[in-house]
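Only one structure is covered here, and it is reproduced in the block below.
The values are calculated or read from the model by the stated rules, or taken from the named source; none is laboratory data. None of the values given here were measured: they were computed from a predicted structure. Cβ coordinates were reconstructed from backbone atoms using ideal geometry, including for glycine residues, and neighbour counts include every protein chain displayed. Areas reflect the complete protein model, heavy atoms only, side chains present, ligands, DNA and RNA absent. Shrake-Rupley method; radii C 1.70, N 1.55, O 1.52, S 1.80 Å.
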Amino acid sequence: MHLLLPGPTPIPDAVKQAMLASMTDHRGTAFETVQSRVQNGLKALFGADSPDHVAVLPAAGTGGLEAVVQNLFRPNDRVLVVESGLFGRRFSEVARAHQLDVDRMEFTWGEAFRPEEILARIASGPYRGVLVTHNETSTGVLNPVEELGDLIQQLADPPLFVIDSISGVPSIPLTVQNGIDVIIAASQKGFMCPPGLAMVALSDRARSAVLASRTGRFYFDLTPYLNGKLPYTPAISLWYGLDAALELLQDEGADARLARHQLLRDMVRAYGQAGGLPPFVSDRFASPTVTALEMPSSMNASQFRRQLEQSGLQIAGGLGEWHHRAIRIGHVGAVDAGDLWAGLGLMAPHLPHPHKALEAAVRVYSASAANPTQPRREAR
Ligand SMILES: *Cc1c(COP(=O)(O)O)cnc(C)c1O
């Protein structure tokens, strides 16, 4: 099956092969080497101060969100959650489930948040934390989190700034620097691995906040992880996969990676626009990793997806309020222009204007400086 999903994403052969290795004692020296390579690789990728500022947990991405809420905050702590889609809403639910005093700030679905407005709201605080979504996967919007981090770090007593970047980093590079305190990621999106690992990267300030208290958590207590220990049996095979994936990510480099995803985004948007399924989100908010396209009223989204599945292609449906109106094309993780071409080709016969769609994508592809370079494949 060919996947153009915002998770799970395709797994490169090198990662698949790494995961076939035999089990080893997770307290033994062989695994210690893997662990140290992974922690150091994540430290570099997240721009963290040390390998002990990064934790890898056996969990889906949501487990990472919950771990951060449990470790950084206490019941009744006042936090601001910024929502503009389904995943922002989920972050609020996690915070409320742990009895935080949650203030929600909503932006229109399909638009990015506006940092100055959030800053004004923070000024009406005080807040212990600000929780936002980097790349809102339900709508395909990229939020200007770095801009907000710059503003927050200028405050006299800045709240802890926490970012769900599960469908962002590392396809969209982001570091725990310049006012950003916590980044949460997951293995099955930009990390090109199967589902099952959540990564949490912390600033030094956030790490100290975690270590300052140990109540209200057990399995997800980050304290041992932030002291180089894995308290329970780790998902060993997934660690092998992550180890191999980090090598691929390092080979490609952050700039080339972002350029690749931006090209994929531009191709999908041009294809949809010309083909009769216009992008939901305007150019300036468009995510490099997932694109929502609007279905014409003459077409049925679930039927469309069923037909594609019969041709060997899986794409995602609309989420939440966009359920009946949108489809979502994922181009996160190990997807290059060749992979995207295969998907666009399989989809074309089902579009109102197949020929125009493909022509438009060809124009974008040919004009792009990124097209002759497919660094991930060439590096092998
Ligand atoms: C996928 C996703 C999640 C949820 O990840 P799970 O691994 O399914 O728990 C949360 N937030 C964002 C932004 C996502 O894209």
query = In the chain, what % of DSSP beta bridges are antiparallel (nearest 5)?
reply = 50 percent
Phi-based couplings in Hz for the stretch 333-346 (Karplus 6.51, -1.76, 1.60; Gly and Pro marked x) = x, 7, 10, 10, 4, x, 4, 5, 4, 4, x, 5, x, 5
request  = Name the residue farthest towards the positive end of the dipole of the chain from the options 163, 240, 48, assuming +1 on Cβ of Lys and Arg, -1 on Cβ of Asp and Glu, about the Cα centre.
outcome  = 240
Pairs of alpha carbons in the stretch 250-366 whose separation is greater than 19 Å (percent) = 42 percent
task = Using a Gaussian network model of the chain whose springs link C-alpha atoms within less than 10 Å, name the residue from 330, 343, 312 with the highest mean-square fluctuation.
result = 312
request  = State whether the stretch 321-371 is rounded, prolate or oblate according to the following rule on the C-alpha gyration tensor (a ≥ b ≥ c being the square roots of its eigenvalues): a/c under 1.5 gives rounded; otherwise a/b larger than b/c gives prolate, and the remaining case gives oblate.
outcome  = oblate
message = Tell me the Kirkwood radius of the stretch 14-156: reciprocal of the mean inverse pair distance over distinct alpha-carbon atoms, in Å.
response = 17.5 Å
key: Pairs of Cα atoms farther than 35 Å apart, the chain, %   = 25 percent
ask   = Any idea which of 59, 119, 133 is furthest toward the positive side of the dipole for the stretch 1-148, if Lys and Arg beta-carbons carry +1 and Asp and Glu beta-carbons -1?
value = 59
request  = Whenever you get a sec, line up 22, 171 from highest to lowest accessible area (probe 1.4 Å, protein heavy atoms).
outcome  = 22, 171
task = Using only alpha carbon pairs under 8 Å that are at least six residues apart, calculate the relative contact order of the chain and give it in whole percent.
result = 23 percent
ask   = Let a ≥ b ≥ c be the square roots of the eigenvalues of the Cα gyration tensor of the stretch 117-223; is it rounded (a/c under 1.5), or, if not, prolate (a/b larger than b/c) or oblate?
value = oblate
note = Restricting to aspartates and glutamates and to Cα separations under 20 Å from residue 189, and discarding same-chain partners fewer than 8 apart, the set is 13, 66, 136, 164, 243, 247, 251, 252, 255, 266, 336, 339
Hypothetical label at residue 214: residues of the stretch 41-80 whose amide nitrogen lies under 16 Å (7 Å Cα-Cβ projection) = 71-72
Derived scalar couplings ³J(HN,Hα) [the stretch 67-76; Karplus, 6.51 cos²θ - 1.76 cosθ + 1.60; whole Hz; x for Gly, Pro] = 4, 5, 4, 5, 8, 9, 10, 10, x, 6
request  = Could you calculate, for the stretch 62-130, the ratio of the Cα radius of gyration to the Kirkwood radius, expressed as Rg to Rh?
outcome  = 0.96
message = Ignoring everything except DSSP H segments at least 4 long, calculate the 222 nm mean residue ellipticity for the chain; use -39,500 (n - 2.57) per segment, divide by total residues, nearest 500.
response = -12000 deg cm²/dmol
